[in-house]
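Novice: Structure below; questions to follow.
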Amino acid sequence: LLASWRRGLLSRLRDPATSVSDCRRITSALQEGRYLKKVEEHTAVIAAWAQRSLWQEAFEVVNVMRQQSCPLDHVAYTTLAGACDSSGRWERALGLLDEMRSDGLQPNTITCNAIMRACASGQQWEQSTRLLREMERTAVAPDMVSHNTLLSSIGRAGNWEQALILFDDMQERGLTDFVSYNVMLCAAEKSRQPQLVTSFVDDMWSADFKLTGAEVEVIYTSAVRACGAGGGWHEALQLLNEMCLVGFANTYTTYAAAIIACAKSAEWAQVRSIMADMKTNYMDPANFHPMVLTSACGREAQWKDAVLLLEALRKLDIEPKEVTLSSVARLHADAGRWEAAAQLLSEMRQAGLDPP
């Protein structure tokens, strides 16, 4: 009965619907009664706090483990690194390396990757680079995930030349995959390098990756976005057509990215043509869902691209549907643009729409 009760409480902790206050009560009950006996059980509690981006609570579990002479293992440290990542505490994540060694544990590839992700999330590409080099020196073999994490960190920082150098090195070592190419396309978007986008896509196909339809959608959306960010609307349209030529149908997301790319260059005739093509494929150009806009809009200041999409629709006398307006309002709110979000919701109510 006790084991069943403990499993039930740990299951509640894993449930995202469980409130923080309930998590605290459950954790206190488990710890005060010393019902957590194994490192995996303590780690499950750490994971619950990591899921809620509460790093301090995660480290309080570590204090309890030490008081109870329960040694941490690699999984526990990896979970702690995840808590630091979700909480934006990259410095604390780096400190875990020394703590592991003090506990007699040699950091492994999985834990180092988790720490590197925390550094990448904190836009600390130099720290990610140092960690990769340290892994190589200490015979902790960096894998494809390690290199992709570093590549993403460098790309987010806008260091295009550094990203290219690392990517070339990864290719020579056979460490590139679908993720690597998508990271480079996102870096091209940030660095305004539309002239290299199509060559990256061509190179990816020549690598003969076995891609799913969802992965193809991600790649072409990133590529179209990257072209649009640098004013390459013509290349964006080429990619939109190419997606069909390689045997995959365009989606709301790729169409939205192409509309935004053309609107940025005020190519309204091309926008009209894209929307006509959508209708031919039984898609409503006034009906863009939140996930579509989040993927189709640029990585930074997504609300700007969303506003541009609204402008394109209205310029062509297409009244956006309720879901599209709500999606744009959400992007305003996510960016802290509360007045713009409130104004858009007010316009919806005046038009007789019922915003969520």
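The values are calculated or read from the model by the stated rules, or taken from the named source; none is laboratory data. Computed from a predicted model, the values in this text were never measured in an experiment. Every residue, glycine as well, gets a Cβ built from its backbone with ideal geometry; the counts of neighbours run over all protein chains shown. The protein model used for the area step is the full one, side chains on, heavy atoms only, and it has no ligands, DNA or RNA in it. Shrake-Rupley method; radii C 1.70, N 1.55, O 1.52, S 1.80 Å.
Novice: With springs only between Cα atoms under 10 Å, which of LEU309, LEU239, LEU196 fluctuates most in a Gaussian network model of the chain?
Specialist: Highest fluctuation among the options: LEU196.
Novice: I need to check one value: relative contact order of the chain, counting alpha carbon pairs closer than 8 Å and at least 6 residues apart, in percent.
Specialist: 8
Novice: Also, I was wondering about something else. Stokes-Einstein diffusion coefficient for the chain at 20 °C in a medium of 1.002 mPa s, Rh from the Kirkwood formula over Cα pairs: what value in µm²/s?
Specialist: 94
Novice: Taking only Cα atoms, what is the 0 to 90° angle, nearest 10, from helix 160-173's long axis to the longest principal axis of the chain?
Specialist: Around 70 degrees separate the two axes.
Novice: Moving on. Helix 197-206 versus the longest principal axis of the chain: what angle, 0 to 90°, nearest 10, using Cα atoms?
Specialist: Helix 197-206 sits roughly 70 degrees off the main axis of the chain.
Novice: For the chain, the longest stretch holding no trypsin sites (Lys or Arg not before Pro) located in a DSSP loop with at most 12 other Cβ atoms within 10 Å is which?
Specialist: The longest such stretch corresponds to 39-209.
Novice: Step through the table entries LYS190/LYS321; LYS210/LYS321; LYS279/LYS304, compare each Cα-Cα distance with 28 Å, and write down the pairs that go over it.
Specialist: Distance filter (> 28 Å) returns LYS190/LYS321; LYS210/LYS321.
Novice: Another one. Helix-only estimate, please: 222 nm mean residue ellipticity of the chain, summing -39500 (n - 2.57) across DSSP H runs of length 4 or more and dividing by its residues, to the nearest 500.
Specialist: Calculated from helices alone, the mean residue ellipticity at 222 nm is -23000 deg cm²/dmol.
Novice: Taking LYS315 as the anchor, which aspartates and glutamates have their alpha carbon closer than 14 Å to its alpha carbon, excluding any fewer than eight residues away along the same chain?
Specialist: Qualifying aspartates and glutamates at Cα under 14 Å: GLU267.
Novice: Also: Would you list ASP354, ASP169 from the most to the least accessible area, probe 1.4 Å?
Specialist: Solvent-accessible surface, decreasing: ASP354, ASP169.
Novice: Oh, and also: Working out 0.36 nm times the residue gap between MET144 and SER273, then minus their Cα-Cα distance, what length gain in nm do you get to one decimal?
Specialist: Result: 42.4 nm gained on full extension.
Novice: If you place +1 on the Cβ of every Lys and Arg and -1 on the Cβ of every Asp and Glu, how big does the dipole about the Cα centre of the chain come out, in debye to the nearest 20?
Specialist: 1100
Novice: Okay, next question. Any idea of the accessible area per residue across the stretch 85-164, 1.4 Å probe, to the nearest Å²?
Specialist: Ligands and nucleic acids excluded, the result is 45 Å² per residue.
Novice: How large is the dipole of the stretch 36-154 about the Cα centre if only Lys and Arg carry +1 and Asp and Glu carry -1, each at its Cβ, rounded to the nearest 20 debye?
Specialist: For the stretch 36-154, the charge dipole is close to 40 debye.
Novice: Can I ask one more? Relative to the longest principal Cα axis of the chain, at what angle does helix 322-334 sit, 0 to 90 degrees, rounded to 10?
Specialist: 50
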